[in-house]
Amino acid sequence: MDDAVRTDVDARSGVGTITLNRPQQRNPLSSSTMRLVTAALRMFGGDSSVRAVVIAADGPVFSAGHDLSEMVDRTLEEEQAIFDVCVEMMDAVQQIPQPVIAAVQGPAIAAGCQLAASCDLVVAADSAVFGTPGVRIGLFCSTPMVALSRAVGRKRAMQMLLTGDTIDAHTAADWGLVNVVVAPADLDAQVRALATRITSASPLTLQIGKQAFYRQIDLPQDEAYAAMAGTMATNAVTCDAQEGMSAFLEKRTPVWLGK
């Protein structure tokens, strides 16, 4: 894999990590980098030994967003292709069966903010900031808006989008964009602890739950309940659910079979 993106797997914990590796350029999300991230996500998604995925970045910046140098003097078709690649990457984050955690150590800007917001969970160092400043350069952050508005709600998203101002990690946590804020030195340990806590559950149950969450989140309540009643019934007859309920009643540790 191109060195713009690095991947590794901790065999003991089953946590796969995708690291943006262009720190001198502020980890831009060029078309080639986004394709590499998408490929890494799909690779991990198809590997049953990988129980959770972390998206991280080297250097002081998580990601400054799109590589603007590839967006100047382009045709409409060429610009469309860039954003299609971006959407494909964001969709892949939520389509793979494993939980995806963003480990944000520094500024997550524009499409970088979008990438963090698209992840299932976000752990941020207190040095991180989040922003969608495209309005200031004449390019409204319309695709970042999709993920951002689903994380922080309409008014707060509009504030970030219309002003282009950044928010700090603690504000991002208050607004619902970030789950946990930690000291920079504690970021990796906190991410690993969270991933380990999650992966103690049945991998099949995690997959069912993640898929169900995104399927129901934008449905009207009655449709969501109807869909989720069927999902929960189907989940209840799996081997892992039966094992988990039996283990609870028998006061023992469950043994997951992944089926």
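Taken together, the values in this text are just the output of simple stated rules run on the coordinates, not laboratory data. Every value quoted in this text rests on a predicted model; they were computed, and no experiment measured them. Here the Cβ positions follow ideal geometry from the backbone for every residue, glycine too, while neighbour counts run over all protein chains shown.
A Cβ distance below 6 Å, combined with a sequence gap of six or more or placement on separate chains, defines the contacts here; from the range 1-28, residues that are closer than 20 Å to residue 101 by Cα reach residues that are surrounded by 19 or more Cβ atoms within 10 Å (Cβ to Cβ) and of a type in the set (Lys, Arg) in the pairs 4/22; 14/51. Within the option set 63, 49, being farther than 24 Å from residue 169 by Cα and more than 13 Å from the chain's Cα centre (by Cα) holds for one residue only, 49.
Looking at the structure I just gave you, is residue 204 under 28 Å from residue 239 (Cβ atoms), in contact (Cβ under 8 Å) with a residue 24 or more places away in the chain and of a type outside the set (D, E, K, R)? The answer is yes for residue 204. Working only within the range 178-212, note down all residues that are of a type outside the set (A, V, I, L, M), over 15 Å from the mean Cα position of the chain (by Cα) and farther than 14 Å from residue 15 by Cα. Correct list: 184, 186, 202, 205, 209. Restricting 221, 207 to residues that are of a type in the set (S, T, N, Q) and farther than 18 Å from residue 16 by Cβ narrows the list to 221.
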